[in-house]
Amino acid sequence: MVGLAIDAVEEIEGDSVLDVEVPSNRPDCLSHIGIAREVSVIEKSKVQSPEFKVFQTKGKTADFTSVEIINADLCPRYAARIVRGVKIAPSPAWLTKRLGEIGQRPINNVADITNYVLHELGQPLHAFDLAKLTEQRIVVRRAKAGEKLKTLDEVERMLDSEMLVIADAQQPVALAGIMGGLDSEISDATTDVLIESAYFNPDSVRRTARKLGMDTEASRRFERGADCKNVLNAQTRCVELICEIAGGVATEDAIDVYPNPLPPRSVVFRPDKVESLTSLRVELIEMERILTALGFRQDRPPARGVLSFVVPSWRVDVSLEEDLIEEVARHTGYDKIASELPPSNMAGEYQPAEMKRRELRRAFKSFGFDEAINFSFIDSAQDERFELLPSLAVERAKTALVGLDNPIIEEATRMRPTLLPGLLESVRHNLNHGIRDVRLFEIGRVFAGFEAGELPLERDALGLIATGGLIEEGQAEATREIDFYELKGALEAAVDATKLGPLNFSTAKVKHLRDGQAARITLADGTAAGSIGRLAESITSSYKFRQPVYVAELDLTALLDAVQRPTQYTALPRYPAVVRDVTLLVGRDVNFAELLQAIVTQQIDDYSSATLVGTYEGERIPKDKRSITLRIEYRSDERTLRDEEVEERHRRLIDLLLRKFNAELH
């Protein structure tokens, strides 16, 4: 269990074809030379690195073409070299055999050579018919809005100003780093070819490929990070093979436009950290052998047990000391890492707020919710769908969301700013498997925007989602459909279990929630903390949900930072309570929380509590009104109240509500 994982080995005409599992952050292993480096470490041998040389040369490349890079931020390096007098023909048998064994369809000798070098050295190349380039010029630029290009797959692509193209003096002739254009392809009539070898910005290639729905051998390598220093070496190899197989004479040099060479990178390495992080005991000489064989080079003598290694240009994934430790562990053997508890001279203890989180989980489990654990990264298509938590929305107004340079899943390029996309995917998964009654909660991190050189803002969030029927414990079928109050009640009860409440709810317009069925959540001190309500129809239809879905999201960091209420004990009441019901006809914009607040503020003598009995809308009720029934409880701690005392207090309370809310008795 060292090096890279081999998924399969297939025997084809005497050759062994290895199917290698290459991680997304290892573009250097998308080539035979990259795999050879891994094998050399395992076999304690050396990689053969012959110098490529073209023997038939004449003239300077600048005499036949020119190269201009307009957008150097998207194309840091571009090299061009010309071979004249080639003869386009089928490739020799050895070349078609090699390509066929790895699944490449032979085209012609020049195109096959570029594909061969791509797989051999990992550098994508492209061959243009020089005669088909207007003014024999190469211009690397952003496409103009509305420009079109018919690519080699005979599909006409509509371009925009964010896409990088290779153009001649008039029009685009290739999509940079993805695919060439049909109008400049090599044909049987081609005699002079221009060989392109370049380094393109990975983000630019990835963005263009996703937008156009293209996935090519070239784009897979460029979007993960090609080797900028390998540009000329691979081009020389390609030109050497063209002169050998297709004939022709190459120019003596290449036009190499490289305005801002990338500086070398160094990483500090402390050998004793290998054992402390991995438990592996590896001799220093063995560590140095592994790293040297992989291409890392010491750039200064060791000092006080600290080494420094220059990172090879093809290892775009290495930037930290931990990356070097991982290389040592990978080639020592992950299977040799033992399971053991880390040493500590301290007693164990809970992390801050851990007990509060446990209380939340227990409460939601007791209400029939299951805990969901989703990925921390989502599709960037979700960026504008959901309203973020108030604390994150402020940050996002200043900066962008957090993107991933090397996503583990191709579509998941964004660190989640909200828990809702993951919960919605979980509900969809359940519905697709015939489970229509779903109640889930999730506690996890969400991420805000950040500025260059700074870490993103992270907040703990609590997400809830519920749909379908309400199934009571011990029952097989739902007794009623879940509604807004089911979710609201579960959230309030769970927060109350942590002694952090109460939460306040007020009507609001929320981007991802349905108008009229959405509320803003605030903490007791007035801090805005989240939202709750029914999912908007636009989002429900996009997920193909055919039943109402209710969601809530709360800023858990803000909630857990609040001061817990002390536990207070009071004696049981000695005197009976007197209960009075009142039904009011109020406007549809008046809610129970406002009525309750008005009652509490009035401070009626011997008032104990008020609860909601129910609401009614419909027959004999005006469309702009609704009927709300309240149950008011009165109690004295000193004696039993008389009916006339209760009536007097109750009348004062009713008069207050009638005046304040322009209500009528119903």
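The values are calculated or read from the model by the stated rules, or taken from the named source; none is laboratory data. Owing to the predicted nature of the structure, the values given are computational and were not obtained by experimental measurement. Using ideal geometry, Cβ is built from the backbone for each residue, glycine included, and neighbour counts are taken over all protein chains shown. Areas reflect the complete protein model, heavy atoms only, side chains present, ligands, DNA and RNA absent. Shrake-Rupley method; radii C 1.70, N 1.55, O 1.52, S 1.80 Å.
Residue count for the range 20-53 under the criterion of being among the hydroxyl-bearing types (Ser, Thr, Tyr), surrounded by 15 or more Cβ atoms within 10 Å (Cβ to Cβ) and farther than 15 Å from Gly122 by Cα: the result is 1.
Sort through Ser276, Ser266, Ser319 and tell me the only one that's assigned to a loop (DSSP other than H, G, I, E, B) and under 35 Å from the mean Cα position of the chain (by Cα).
Values: Ser276 fails: assigned to a loop (DSSP other than H, G, I, E, B); Ser266 fails: assigned to a loop (DSSP other than H, G, I, E, B).
The conditions single out Ser319.
What tally of residues in the range 499-513 results from selecting those that are free of Cβ contacts under 8 Å to residues at least 60 places away in the same chain and open to solvent by 40 Å² or more (accessible area, probe 1.4 Å)? The qualifying residues number 2.
Lys132 passes all but one of (1) under 32 Å from the mean Cα position of the chain (by Cα); (2) farther than 14 Å from Ser66 by Cα; which number fails? The one condition Lys132 does not meet is (1).
Identify, from the list Leu455, Leu462, the residue that is at pLDDT 95 or above, under 28 Å from the mean Cα position of the chain (by Cα) and not in a helix (DSSP H, G or I). Before you say what the answer is, go through the steps one by one.
Numbers: Leu455 fails: at pLDDT 95 or above.
Matching residue, one of Leu455, Leu462: Leu462.
Here are some residues: Val83, Val39, Val67. Which one is of a type in the set (Val, Ile, Thr), modelled with pLDDT of 95 or more, within 27 Å of Val231 (Cβ to Cβ) and touching a Gly at 6+ places or on another chain (Cβ under 9 Å)? If you could, list the steps in order and put the result at the bottom.
Values: Val39 fails: modelled with pLDDT of 95 or more; Val67 fails: touching a Gly at 6+ places or on another chain (Cβ under 9 Å).
Unique residue meeting the criteria: Val83.
Of the residues making up the range 119-152, those that are under 16 Å from Leu194 (Cβ atoms), assigned to a helix (DSSP H, G or I) and among the charged types (D, E, K, R) are Lys132, Glu135. Among all residues of the range 372-385, there is at least one that is surrounded by 15 or more Cβ atoms within 10 Å (Cβ to Cβ) and either touching a His at 6+ places or on another chain (Cβ under 8 Å) or among the β-branched types (Val, Ile, Thr) (or both). The lone criterion from (1) within 25 Å of Val231 (Cα to Cα); (2) touching an Asp or Glu at 6+ places or on another chain (Cβ under 9 Å); (3) open to solvent by less than 70 Å² (accessible area, probe 1.4 Å) left unmet by Val17 is number (1). In the range 640-657, the residues that are farther than 23 Å from Leu595 by Cβ form Cβ pairs under 6 Å with partners that are surrounded by 12 or more Cβ atoms within 10 Å (Cβ to Cβ) and of a type outside the set (Asp, Glu), at six or more places apart or across chains, as follows: Thr640/Tyr575.
When you go through Arg651, Arg631, Arg626 one by one, which is the residue that is open to solvent by 100 Å² or more (accessible area, probe 1.4 Å), closer than 15 Å to Thr583 by Cα, among the basic types (Lys, Arg) and under 54 Å from the mean Cα position of the chain (by Cα)?
Values: Arg651 fails: under 54 Å from the mean Cα position of the chain (by Cα); Arg626 fails: open to solvent by 100 Å² or more (accessible area, probe 1.4 Å).
Arg631 is the lone residue from the list that is open to solvent by 100 Å² or more (accessible area, probe 1.4 Å), closer than 15 Å to Thr583 by Cα, among the basic types (Lys, Arg) and under 54 Å from the mean Cα position of the chain (by Cα).
Examine the range 524-536 for a residue that is open to solvent by 80 Å² or more (accessible area, probe 1.4 Å) and either small (Gly, Ala, Ser) or more than 22 Å from Val446 (Cβ to Cβ) (or both), and state whether such a residue exists. Checking the range 524-536: not a single residue is open to solvent by 80 Å² or more (accessible area, probe 1.4 Å) and either small (Gly, Ala, Ser) or more than 22 Å from Val446 (Cβ to Cβ) (or both).
Of the residues making up the range 235-263, those that are at pLDDT 95 or above and either under 20 Å from Met179 (Cβ atoms) or within 29 Å of the chain's Cα centre (by Cα) (or both) are Gln235, Cys238.
Restricting the first member to the range 483-497 and to residues that are under 12 Å from Gln517 (Cα atoms), and the second to residues that are of a type in the set (S, T, N, Q), the beta-carbon pairs closer than 8 Å and six or more apart or on different chains are Phe484/Gln517.
I need a count of the residues in the range 565-610 that are exposed (fewer than 13 other Cβ atoms within 10 Å of the Cβ), closer than 30 Å to Lys356 by Cβ and polar (S, T, N, Q). Total satisfying the criteria: 4. Of the candidates Ala293, Ala303, the single residue that is loosely packed, with under 15 Cβ neighbours inside 10 Å and modelled with pLDDT under 95 is Ala303.
Of the strands (runs of 3 or more DSSP E) lying entirely inside the range 1-114, the ones with 2 or more residues being charged (D, E, K, R) and out of contact with any helix residue (DSSP H, G or I) (no Cβ under 6 Å at 6 or more places or on another chain) are found at 5-12, 15-21.
Pull up the range 322-345, narrow it to residues that are among the aliphatic types (A, V, I, L, M), buried (at least 20 other Cβ atoms within 10 Å of the Cβ) and over 27 Å from the mean Cα position of the chain (by Cα), then point me to the one that is nearest to Ser279 (Cα to Cα). Filtering the range 322-345 for residues that are among the aliphatic types (A, V, I, L, M), buried (at least 20 other Cβ atoms within 10 Å of the Cβ) and over 27 Å from the mean Cα position of the chain (by Cα), the one nearest to Ser279 (Cα to Cα) comes out as Ala329.
The single residue among Arg141, Arg207 that is open to solvent by 30 Å² or more (accessible area, probe 1.4 Å), under 29 Å from Arg315 (Cα atoms) and either under 30 Å from the mean Cα position of the chain (by Cα) or acidic (Asp, Glu) (or both) turns out to be Arg207.
Look at Met355 and say whether it is of a type in the set (A, V, I, L, M, F, W, C) and under 20 Å from the mean Cα position of the chain (by Cα).
Numbers: of a type in the set (A, V, I, L, M, F, W, C): yes; under 20 Å from the mean Cα position of the chain (by Cα): no.
Judged against the criteria, Met355 is not a match.
A Cβ distance below 7 Å, combined with a sequence gap of six or more or placement on separate chains, defines the contacts here; from the range 514-531, residues that are farther than 14 Å from Ala461 by Cβ and touching a residue at least 24 places away in the same chain (Cβ under 8 Å) reach residues that are aliphatic (A, V, I, L, M) and assigned to a strand (DSSP E or B) in the pairs Ala519/Ile532; Leu523/Ala529.
Inside the range 161-180, can you point out the residues that are more than 27 Å from Asn230 (Cβ to Cβ) and touching a residue at least 24 places away in the same chain (Cβ under 8 Å)?
Step one: filter the range 161-180 for residues more than 27 Å from Asn230 (Cβ to Cβ), giving 161, 169-171.
Residues satisfying the conditions are Ala169, Gln170, Gln171.
Can you say whether Pro417 is buried (at least 18 other Cβ atoms within 10 Å of the Cβ), within 19 Å of the chain's Cα centre (by Cα) and not in a loop (DSSP other than H, G, I, E, B), as far as the supplied structure shows? Considered against the rule, which asks whether it is buried (at least 18 other Cβ atoms within 10 Å of the Cβ), within 19 Å of the chain's Cα centre (by Cα) and not in a loop (DSSP other than H, G, I, E, B), Pro417 comes out as no.
Of all residues in the range 414-465, exactly one satisfies the criterion of being out of contact with any strand residue (DSSP E or B) (no Cβ under 9 Å at 6 or more places or on another chain) and among the basic types (Lys, Arg), namely Arg428. Screening Gly213, Gly181 for residues that are more than 18 Å from Pro27 (Cα to Cα) and either among the hydrophobic types (A, V, I, L, M, F, W, C) or in contact with a Leu (Cβ under 6 Å, 6 or more places away or on another chain) (or both) leaves exactly one candidate, Gly181.
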